[in-house]
Ligand SMILES: [Zn+2]
């Protein structure tokens with residue numbers, strides 16, 4: 001029987017858990033659906049990631065409002081993917097912050113990515129008509145952007161760590177609390193999506209940079225919160241291992257189809273049961289094949305190209 005396209009048949013609601021990681025630091029995880037977070041400043045909030053639609057974002061904000069009624073001054077978006085940014089209008093943020101390359105990606109391929117992700121993961125797009133249009137940052141930076149939280153709460157540091165999950169990912173780091181929000185640069189017990197990735201940079205210098213902060217708590221893009229130095233190391237290690245296996249198997253293959261089959265066989269025993277594994281793998285291997293054959297920047301995913309790659313590799 002043919003496998004249903006991407007996550008189109010994944011319609012079961014996930015249980016969301018709001019966790020208070022430290023005073024005024026919140027994470028909402030959802031059994032492998034995209035994670036979001038929030039950090040309290042003295043008299044304002046920083047929200048991290050926006051979910052796929054304003055309706056989905058409003059449900060998260062309603063839970064956050066059980067803890068704090070401070071206004072949202074900053075909405076920080078880790079990268080350009082639709083399921084993390086298109087709910088932005090619900091936050092009423094004064095400023096929307098991304099890496100400068102994320103602004104470029106939104107301009108270049110935001111529309112196509114929206115259509116692609118909607119078809120791949122329809123369940124995440126609650127009331128898609130509530131999306132007013134593409135989300136545009138109002139502030140961008142190239143290396144580091146620091147927010148003073150005020151009132152002895154320390155800083156929130158937004159840091160670019162190199163090319164990885166996309167060419168414009170940032171991490172959000174709380175040095176005082178040693179908590180990191182890593183976006184999709186790190187997944188904890190969830191499969192990686194690498195269809196827009198730079199695998200060689202990500203598996204080496206970029207993850208080295210992420211690890212160098214010495215986080216004691218890490219919220220990845222999907223999956224459970226990683227706790228303690230060992231838990232953080234395990235999440236980063238899993239992410240690196242997934243990439244390393246992909247690189248090894250795809251380098252050894254003589255065709256795209258063989259690369260997919262080898263990679264699937266090698267990853268499946270350890271990662272096959274994790275969220276979005278089957279969904280992502282055809283897109284992942286397709287991009288890695290390109291990367292290893294001289295295609296510098298990821299080709300744009302469109303709803304049509306998604307179907308072609310799926311039919312070629314996963315059917
Ligand atoms: Zn992503």
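Every read-out reported here was derived from the displayed coordinates using simple, explicitly stated rules and does not represent laboratory data. Model, not experiment: these values are computed from the prediction. In this analysis, Cβ positions are derived from the backbone assuming ideal geometry, glycine residues included, and neighbour counts consider all displayed protein chains.
Can you tell me the 0 to 90 degree angle between the C-alpha axis of helix 228-251 and the longest principal axis of the chain, rounded to 10?
30
Taking every alpha carbon pair in the stretch 242-305, what does the distance histogram look like in 5 angstrom bins from 0, in percent?
Going from the shortest bin to the longest, the percentages are 4, 18, 30, 24, 16, 8, 1.
Suppose R0 equals 45 Å. What FRET efficiency, 1/(1 + (r/R0)^6) with r the Cβ-Cβ distance, do residue 303 and residue 43 give to the nearest 0.05?
About 0.55, to the nearest 0.05.
Which order do peptides 6-12, 285-291 fall in by mean Cβ count within 10 Å, highest first?
285-291, 6-12
Counting DSSP beta bridges in the stretch 94-247, what percent are antiparallel, to the nearest 5?
Bridges in the stretch 94-247 that DSSP calls antiparallel: roughly 65 percent.
For each of 213, 260, count neighbouring Cβ atoms within 10 Å of the residue's Cβ, then give the residues from fewest to most.
213, 260
Quick check: the angle from helix 277-292's long axis to the longest principal axis of the chain, C-alpha only, nearest 10 degrees?
70
In nm, give the distance between the simple-model label positions of residue 129 and residue 31, each being 7 Å from the Cα along the Cα-to-Cβ direction.
2.9
Could you give the nm distance between label points at residue 69 and residue 200, where each point is 7 Å from its Cα heading toward the beta carbon?
5.6
State whether the stretch 10-84 is rounded, prolate or oblate according to the following rule on the C-alpha gyration tensor (a ≥ b ≥ c being the square roots of its eigenvalues): a/c under 1.5 gives rounded; otherwise a/b larger than b/c gives prolate, and the remaining case gives oblate.
prolate
Which part of the stretch 138-180 falls in the paramagnetic zone of residue 233, meaning amide N under 13 Å from the point 7 Å along Cα-to-beta-carbon?
Under 13 Å, as judged by backbone N against the label point of residue 233, lies no residue of the stretch 138-180.
Multiply the residue separation of residue 315 and residue 270 by 0.36 nm, subtract the distance between their alpha-carbon atoms, and state the gained length in nm to one decimal.
Fully extending the segment from residue 315 to residue 270 adds 14.0 nm.
If the convex hull of the alpha-carbon atoms of the chain is projected onto planes in all directions, what is the mean projected area in square nanometres?
On the way: hull surface 58.4 nm².
For the chain, averaging the hull's shadow over all directions gives 14.6 nm².
In nm, what is the difference between 0.36 nm times the number of residues separating residue 178 and residue 292 and their Cα-Cα distance? Write out the running numbers ahead of the final one.
On the way: separation 114, 0.36 × 114 = 41.04 nm, distance 3.59 nm.
Taking 0.36 nm per residue and subtracting the Cα distance, the gain is 37.4 nm.
For helix 54-64, report the angle its Cα long axis makes with the longest principal axis of the Cα atoms of the chain; keep it between 0 and 90° and round to the nearest 10°.
In the chain, helix 54-64 runs at an angle near 50 degrees to the longest axis.
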